[in-house]
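Student: My questions will all concern the structure given below.
The values are calculated or read from the model by the stated rules, or taken from the named source; none is laboratory data. All figures in this text were calculated on a predicted structure; none of them were measured in a lab. For neighbour counting, all protein chains shown are included, and Cβ atoms are generated from backbone atoms with ideal geometry for every residue, glycine included. These area figures cover heavy atoms from the full protein model, side chains too; ligands, DNA and RNA do not enter into them. Shrake-Rupley method; radii C 1.70, N 1.55, O 1.52, S 1.80 Å.
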Amino acid sequence: MLTLSKLSAMAALAIAGLSLTACEIGPKQSQQTGYRGTGIVQITDPQNVVSPGEVPPPPYALPAPSGPKASEVYQNVKVLGNISQEEFDYTMAAITQWIVPANAPAEQAGCNYCHNAENLADDSKYTKVVARRMIQMTQNINQNYSDHVKQTGVTCYTCHRGNAVPKYVWTDPAPSNGRLMGNKRGQNTPASSVAYSSLPIGTFAKYMRGKSGPARVISKTIHPTTANVQSVKDAEGNYAIMMHLSQSLGVNCTYCHNSRSFARWEQSSPQRALAWYGLQMVKATNENYIHPLTSVFPANRLGPQGDPYKTNCATCHQMQRKPLGGAQMAKDYPALLTLAPGGAVSPAAAMPGMEAPAPAAAGGAPAAAAAAGN
């Protein structure tokens, strides 16, 4: 005979079983990524491994770097004018393939997405102005952030993957309506930006813009002091950005951290230093190359608070430890590997009157990373 206590126990077991249905059952694969005995290991579910996808080949054989310069053949070439006309055509063909390929919507496909078909030198389309800066942004990453991208480098395809607008981007979320009742204070709104957790959804602006601070909240003292002013709110933001990092790369916390002491750099894996350089790269990219184009973008390319779509870790990685599985694409496009001679970023290359900063250096050694955080 079923008693009330037995029914309660059965109900509890049923609820526990339902709550576990979201867990991923089945065999897992583990890979040691740090020093032995530290528990630094990556756990992977073979059923959820993201395929690198097919990397488009070069449009044709890379031309020899000789012959007349692009700026000598074409009018109004403000970026890539220092390379040969043949290499310029080669690079333009590749960029078209990466961003607006033949299978893109008719209004987007081909050269006309950026160019006025009646006058290719015309700058009336905002997409052409943006594309110039994005080319310089790619060059800057390859030239000055090898501490993160190594010799693999990046191309436009790393982010765009055949889309005019990259799939994984972010803007500042819509502001609160100001009401006391129902005001979630930017939290408890399951979103992909925080791996569908209840953590703050506006965290990108806190950690991925310009001189934003480090993601560091572990206290060194028991009580609050002038040097220890971290709050629970700071900790929530810290965990939110860490959830983003974990989801964007398809890794767990111990891919970078020793769970014995998350804060200790000397006990972390080398991947943590790589991640730090990546965060500095994202901050500089958003602040120096994307955000200054706010006035160039039309309203449908801006977020609810009027800021443009910006980059985060998922923009390039797209749930993989190495973007595109580590495919060596950039080597086939030498025009995208370095800025123009002298390294200067020309304001006129983006839009008249724009103040364009000099390219930022990648930052110090891992020791500097330990001092700065993230």
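Student: Considering each of 154, 165, 169 in turn, give the residue that is in contact with a Cys (Cβ under 9 Å, 6 or more places away or on another chain), within 22 Å of residue 294 (Cα to Cα) and β-branched (Val, Ile, Thr).
Tutor: Within the list 154, 165, 169, the selection yields 169.
Student: Of the residues 212, 192, which single one is within 16 Å of residue 278 (Cβ to Cβ) and touching a residue at least 12 places away in the same chain (Cβ under 8 Å)?
Tutor: Working: 192 fails: within 16 Å of residue 278 (Cβ to Cβ).
None of the others qualify; the one that does is 212.
Student: Then there is this: I need the full set of residues from region 91-108 which are open to solvent by less than 60 Å² (accessible area, probe 1.4 Å) and free of Cβ contacts under 8 Å to residues at least 60 places away in the same chain, in order please.
Tutor: Within region 91-108, the subset open to solvent by less than 60 Å² (accessible area, probe 1.4 Å) is 91-96, 98-101, 104, 108.
92, 93, 96, 108, listed by residue number.
Student: One residue is enough: does region 291-307 have a residue meeting the conditions β-branched (Val, Ile, Thr) and either assigned to a helix (DSSP H, G or I) or crowded, with 18+ Cβ neighbours inside 10 Å (or both)?
Tutor: The answer is no; no qualifying residue exists.
Student: I would also like to ask the following. For residues in region 127-161 being touching a Lys or Arg at 6+ places or on another chain (Cβ under 8 Å) and more than 22 Å from residue 272 (Cα to Cα), which is least open to solvent (accessible area, probe 1.4 Å)?
Tutor: Step by step, filter region 127-161, then rank; the result is 132.
Student: Here is a follow-up. Among the residues of region 113-160, which ones are aromatic (Phe, Trp, Tyr) and over 18 Å from the mean Cα position of the chain (by Cα)?
Tutor: Correct list: 113, 126.
Student: Residues in region 269-293 that are in contact with a Ser or Thr (Cβ under 9 Å, 6 or more places away or on another chain) and small (Gly, Ala, Ser): how many?
Tutor: Residues flagged as in contact with a Ser or Thr (Cβ under 9 Å, 6 or more places away or on another chain) and small (Gly, Ala, Ser) within region 269-293 amount to 1.
Student: Looking at this structure, is residue 119 among the polar types (S, T, N, Q) and open to solvent by 20 Å² or more (accessible area, probe 1.4 Å)?
Tutor: yes
Student: If the Cβ limit is 8 Å and pairs must be 6+ apart or interchain, which residue in region 301-315 that is touching a residue at least 12 places away in the same chain (Cβ under 8 Å) pairs with which residue that is of a type in the set (Lys, Arg)?
Tutor: Qualifying pairs under 8 Å: 308/301; 309/301; 310/209.
Student: So, one more: Can you name every residue in region 271-288 that is open to solvent by 40 Å² or more (accessible area, probe 1.4 Å) and under 25 Å from residue 46 (Cβ atoms)?
Tutor: Within region 271-288, 271, 274 meet the criteria.
Student: Condition first: open to solvent by 60 Å² or more (accessible area, probe 1.4 Å), assigned to a loop (DSSP other than H, G, I, E, B) and of a type in the set (Lys, Arg). Now tell me which residues in region 193-228 satisfy that.
Tutor: 211, 216, 220
Student: Determine whether region 9-30 contains at least one residue that is within 25 Å of residue 152 (Cβ to Cβ) and either modelled with pLDDT of 85 or more or under 32 Å from the mean Cα position of the chain (by Cα) (or both).
Tutor: yes
Student: Looking at 102, 64, which one is out of contact with any Cys (no Cβ under 8 Å at 6 or more places or on another chain) and either closer than 28 Å to residue 165 by Cβ or at pLDDT 95 or above (or both)?
Tutor: Exactly one residue qualifies, and that residue is 102.
Student: For region 234-244, does any single residue satisfy the condition of being aliphatic (A, V, I, L, M), at pLDDT 90 or above, surrounded by 14 or more Cβ atoms within 10 Å (Cβ to Cβ) and not in a helix (DSSP H, G or I)?
Tutor: no
Student: Let me ask another. Quick check on my filter: what residues within region 37-83 are over 30 Å from residue 341 (Cβ atoms) and surrounded by 12 or more Cβ atoms within 10 Å (Cβ to Cβ)?
Tutor: 38, 39, 40, 41, 42, 43, 44, 45, 49, 50, 52, 53
Student: Which of the residues belonging to region 38-87 are within 30 Å of residue 255 (Cα to Cα) and not in a loop (DSSP other than H, G, I, E, B)? Can you show your working first?
Tutor: Narrowing region 38-87 to residues within 30 Å of residue 255 (Cα to Cα): 38-56.
Selection gives 41, 42, 43, 44, 46, 47, 48.
Student: So, one more: Restricting the search to region 238-255, which residues are closer than 20 Å to residue 280 by Cβ, out of contact with any helix residue (DSSP H, G or I) (no Cβ under 6 Å at 6 or more places or on another chain) and of a type in the set (Gly, Ala, Ser)?
Tutor: Listed by number, the list holds a single entry, 246.
Student: Residues 359, 341: which one is at pLDDT below 90, exposed (fewer than 15 other Cβ atoms within 10 Å of the Cβ) and within 27 Å of residue 90 (Cα to Cα)?
Tutor: On the way: 359 fails: exposed (fewer than 15 other Cβ atoms within 10 Å of the Cβ).
Step by step, each of 359, 341 is checked, and only 341 is at pLDDT below 90, exposed (fewer than 15 other Cβ atoms within 10 Å of the Cβ) and within 27 Å of residue 90 (Cα to Cα).
Student: Among the residues of region 26-42, what is the count of those that are of a type outside the set (Phe, Trp, Tyr) and closer than 17 Å to residue 260 by Cβ?
Tutor: Residues flagged as of a type outside the set (Phe, Trp, Tyr) and closer than 17 Å to residue 260 by Cβ within region 26-42 amount to 10.
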